[in-house]
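A.B. asks: Okay, handing you the structure first.
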Amino acid sequence: MKVLVINAGSSSLKYQLIDMEDESVKAKGLCERIGIEGSRLTHKVPGKEDFVQEKPMPTHNTAMEMVLAALVDPEHGVLKNVSEIDAIGHRVLHGGAVYTESIKVNDDVKRVIRECFDLGPLHNPANLMGIEACEASMPGVPNVAVFDTAFGMGMEPFAYRYAIPEEYYEKYKIRRYGFHGTSHMFVSRETIRFANLPEGQRRVIVCHMGNGSSISASVDGKCVDTSMGLTPLEGLIMGTRSGDVDPAVVQFICDHEGISVDEMLTILNKKSGVLALSGGLSSDFRDLTEGEKNGNEKAALALAAFRHKVVKTVGGYLAAMNGADAIAFTAGIGENDAQMRADICAKLEFAGVKIDPEKNKVRGQNVEISAPDSKIRVFVIPTNEELAIARETVRLA
Ligand code: AMP
């Protein structure tokens, strides 16, 4: 079975064709600048040179047509015919309070995705355009929507409700949803599988640390709590997002600087986080680590603040689950930054966490990095959201 995985953004469309026989990636690529001058498709096939096409892509439909043409191109393609694609899996940001799981797309599903435009104004419209482009160019092929919020729907009301007047929950479904759900779902399940955790011992904390960062606590692959909220702004300090701030900060700065709440939210999303704490040095942890080594105190502060928030969140989840059986690190920083993993784990010594410095040197593969006498086992588990989407697609299509 061959599954096409689509991640459509407002002006971009990423894709992967995965052969589910062996879960191998046959081709992947990216359409950039859709609807803007200078559109470009970059198509990659393992073992071949990249195929780049610069052609106008006024809409997602044109982008999708170009992707299909590349997939069946005699020289650069991997398929004889588009009909070899059995199903399409779509990353969809927000399923609101309706979808707790992935679902096969029909008119009702599209209506809900549309109703959630308010909750995911940048992503949901683009995700829907991706679905409709596939329906237009591959009629009859099943489309599956995999929601980034679905994993967080496992939370109990005491974890997802904000302590604000009930009417806002009733009227607008203002609650904590959590994001990076596809990654948390994949990594928590992969940790259970890789670590061979027996039933009753499947309390897993996943630290997804990348440009966007979030942590989840789950039991048996079901989310107990997760650090992002109504939007991805809540929780940890991130590359350019502030994470948790007292809402009064927003009012204070808006009043004193004469800016709108919208402008303030842009600042909190795009100009804050470690980028802000490092005095504008960088949102990239490699630059910050380098900066700290060279004596840059602001870079050191940014790294320390990030670490502190991660440790507090993991500590909170340890309390919430009365301990944990495994902690898994994933995403750009979690998979690659051995020093960050070591520093975080050193601060979890109180819980009996102990890592083996030799094992911690690895990157980019499933590996247990805890010492044999660690009370909680610790892992690096690379995330693979595309594969998670493809697996869900096979399950439902
Ligand atoms: P992601 O959003 O998952 O792609 O993660 C991106 C982030 O991972 C970058 O901003 C870097 O800060 C971080 N990263 C990637 N590679 C490394 C590395 N070797 N050491 C430290 N941080 C890294």
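The values are calculated or read from the model by the stated rules, or taken from the named source; none is laboratory data. Since we're looking at a predicted model, the values are computed, not measured. Backbone-built Cβ (ideal geometry, glycine too); neighbour counts: all protein chains shown. Ligands, DNA and RNA are excluded from the accessible area calculation, which covers all protein heavy atoms including side chains. Shrake-Rupley method; radii C 1.70, N 1.55, O 1.52, S 1.80 Å.
A.B. asks: To test your reading of the geometry: what angle, between 0 and 90 degrees and rounded to tens, separates the Cα axis of helix 261-270 from the longest principal axis of the chain?
C.D. replies: 90
A.B. asks: Order of 332-339, 154-161, 367-374 by packing, highest average Cβ count within 10 Å first?
C.D. replies: 332-339, 367-374, 154-161
A.B. asks: Might you report the magnitude of the Cβ-based charge dipole of the range 305-379 about its Cα centre, with Lys and Arg at +1 and Asp and Glu at -1, to the nearest 20 debye?
C.D. replies: Around 200 debye, computed over the range 305-379.
A.B. asks: Multiplying the sequence separation of ALA97 and LEU301 by 0.36 nm and subtracting their Cα-Cα distance, what value in nm do you get?
C.D. replies: 69.7 nm
A.B. asks: Something else: Using the Cα centre of the chain as the reference point, and only Cβ charges (+1 on K/R, -1 on D/E), how large is the resulting charge dipole? Debye, rounded to the nearest 20.
C.D. replies: Roughly 560 debye for the chain.
A.B. asks: Taking R0 as 35 Å, what FRET efficiency do you get between ASP50 and ASP373 from their Cβ-Cβ distance, rounded to the nearest 0.05?
C.D. replies: With R0 = 35 Å, the Cβ-Cβ based efficiency is 0.15.
A.B. asks: Moving to a separate point now. Over the range 18-161, what is the percentage of antiparallel beta bridges among all DSSP beta bridges, to the nearest 5?
C.D. replies: 70
A.B. asks: A follow-up question, please. Report the Cα-based extents of the range 73-177 along its three principal axes, largest first, to the nearest Å.
C.D. replies: Sorted from largest, the Cα extents of the range 73-177 read 60, 22, 21 Å.
A.B. asks: The range 310-350: D in µm²/s via Stokes-Einstein (Kirkwood Rh, Cα pairs, 25 °C, 0.890 mPa s)?
C.D. replies: In µm²/s, the coefficient rounds to 226.
A.B. asks: Hey, what did the range 100-195 get for relative contact order, percent, Cα under 8 Å, at least 6 apart?
C.D. replies: It comes to 29 percent, rounded to a whole number.
A.B. asks: Label-point separation (nm) for VAL141 and ASP287, each offset 7 Å from Cα along Cα-to-Cβ?
C.D. replies: 3.9
A.B. asks: Right, next: Across 10 Å bins from 0, what is the distribution of all Cα-Cα pair distances for the range 275-326, in whole percents?
C.D. replies: The percentages, shortest bin first, are 26, 37, 20, 17, 0.
A.B. asks: Moving to a separate point now. To the nearest 10 degrees, how steep is helix 181-195 against the longest Cα principal axis of the chain, on a 0 to 90 scale?
C.D. replies: 70
A.B. asks: Right, something else. Report ³J(HN,Hα) in whole Hz for each residue of the range 292-299, in order, from the Karplus equation J = 6.51 cos²θ - 1.76 cosθ + 1.60 where θ = phi - 60°; Gly and Pro get x.
C.D. replies: Residue by residue, the range 292-299 yields 4, 4, 8, x, 6, 5, 6, 4 Hz.
A.B. asks: A further question follows. Under a 5 Å amide H to amide H cut-off, with H placed in plane at 1.01 Å, what residues pair with SER227 once short-range neighbours are removed?
C.D. replies: Those lying under 5 Å, H to H, from SER227 are ILE215.
A.B. asks: Please report the spacing between the Cα centers of the range 76-104 and the range 115-171 in Å, no decimals.
C.D. replies: 15
A.B. asks: Same structure, new question: For the chain, what is the Kirkwood estimate of the hydrodynamic radius, computed as the reciprocal of the mean inverse distance between distinct Cα atoms, to one decimal in Å?
C.D. replies: Final number for the Kirkwood radius of the chain is 22.2 Å.
A.B. asks: Roughly to the nearest percent, how much of the accessible area of the chain is carbon and sulfur, given a 1.4 Å probe?
C.D. replies: Whole-percent figure for carbon plus sulfur exposure: 51.
A.B. asks: Which order do peptides 271-281, 175-185 fall in by mean Cβ count within 10 Å, highest first?
C.D. replies: My ranking of the peptides, most packed first, is 175-185, 271-281.
A.B. asks: Work the Kirkwood hydrodynamic radius out for the range 173-269: mean of 1/r over every pair of different alpha-carbon atoms, inverted, in Å.
C.D. replies: 14.9
A.B. asks: From zero up to wherever the largest Cα-Cα distance of the range 283-370 sits, split into 5 Å bins and tell me the percent of pairs in each.
C.D. replies: So the P(r) values, bin by bin, are 3, 13, 23, 23, 20, 12, 4, 1, 0.
A.B. asks: Residue-wise, which Karplus ³J(HN,Hα) couplings in Hz belong to the range 147-154, taking 6.51 cos²θ - 1.76 cosθ + 1.60, θ = phi - 60°, and x for glycine or proline?
C.D. replies: Computed from phi, the couplings for the range 147-154 are 8, 5, 9, 4, 4, x, 5, x Hz.
A.B. asks: Any idea of the accessible area per residue across the chain, 1.4 Å probe, to the nearest Å²?
C.D. replies: For the chain, the solvent-accessible area averages 46 Å² per residue.
A.B. asks: For the range 1-148, what ratio Rg/Rh do Cα atoms give with a Kirkwood hydrodynamic radius?
C.D. replies: Reported Rg/Rh, Kirkwood definition of Rh: 0.96.
A.B. asks: Once you put a point 7 Å from the Cα of ASN196 and another 7 Å from the Cα of ARG161, both along the Cβ direction, what distance in nm separates them?
C.D. replies: Between ASN196 and ARG161, the simple spin-label model gives 4.3 nm.
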